[in-house]
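These notes concern the structure reproduced below.
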Amino acid sequence: GSGCPECAYIKRYGITYEEFQKTLPERKIYRNKVIKITNRQPIHLLPNYEKRGLSGVPGAYHQDHRYSIDEGFKNNIDPEIIGHIANLEMITWQENGTKQNKCSITLEELLKKI
């Protein structure tokens, strides 16, 4: 079913839409810091990098943050950790679409890789 729009925010972010709205400026600043750090990483070394492409393209891959930017923000994780090459992987655009803000690695696993 369609459910309530408010429920979607609570399910995805653990907070109400109103609370989410209040965090937007901070989230945007955090996300921008992570992206800046991510863009300095040698992502061309990631497996399947050469398959990078757009959503909907058969066989295309997207760059993904294994420990998500959203979780990094929620848990006050240093953007240097979230943007680090050890936190990056190339996954199919379909996987990326279903993953959304979920993590494919724990913070502990990530910290061991750094």
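The values are calculated or read from the model by the stated rules, or taken from the named source; none is laboratory data. Given the structure is predicted, the values throughout are model-derived calculations rather than measurements. So basically every Cβ, Gly included, is an ideal-geometry build from the backbone, and we count neighbours across all protein chains shown. Note: accessible area is taken over every heavy atom of the protein model, side chains too, but ligands, DNA and RNA are not part of it. Shrake-Rupley method; radii C 1.70, N 1.55, O 1.52, S 1.80 Å.
Brief remarks follow.
- Set Ser55, Ser68: member being surrounded by fewer than 18 Cβ atoms within 10 Å (Cβ to Cβ) and closer than 27 Å to Ile10 by Cα: Ser55
- Looking across region 44-83, the residues that are closer than 18 Å to Leu111 by Cβ and among the small types (Gly, Ala, Ser) come down to Ser68, Gly72, Gly83.
- Region 90-103 residues that are on the phi > 0 side of the Ramachandran plot, paired with ones that are assigned to a helix (DSSP H, G or I) and open to solvent by less than 50 Å² (accessible area, probe 1.4 Å) (beta carbon under 9 Å, 6 or more apart): Gln100/Asp70
- Boolean, Asp78 is under 23 Å from Lys113 (Cβ atoms) and either at pLDDT below 95 or open to solvent by 90 Å² or more (accessible area, probe 1.4 Å) (or both): no
- Residue pairs meeting the criteria (Cβ under 6 Å; at least 6 apart or on separate chains; first in contact (Cβ under 8 Å) with a residue 24 or more places away in the chain, in region 28-44; second of a type in the set (Val, Ile, Thr)): Arg31/Ile69; Val34/Ile69; Val34/Ile82; Gln41/Ile85
- Inside region 3-52, residues that are touching a helix residue (DSSP H, G or I) at 6+ places or on another chain (Cβ under 7 Å), open to solvent by 80 Å² or more (accessible area, probe 1.4 Å) and not in a helix (DSSP H, G or I) make up a count of 0.
- Within region 81-106, the set of residues being part of a helix (DSSP H, G or I), modelled with pLDDT under 95 and open to solvent by less than 50 Å² (accessible area, probe 1.4 Å) comprises Asn96, Gly97, Lys99.
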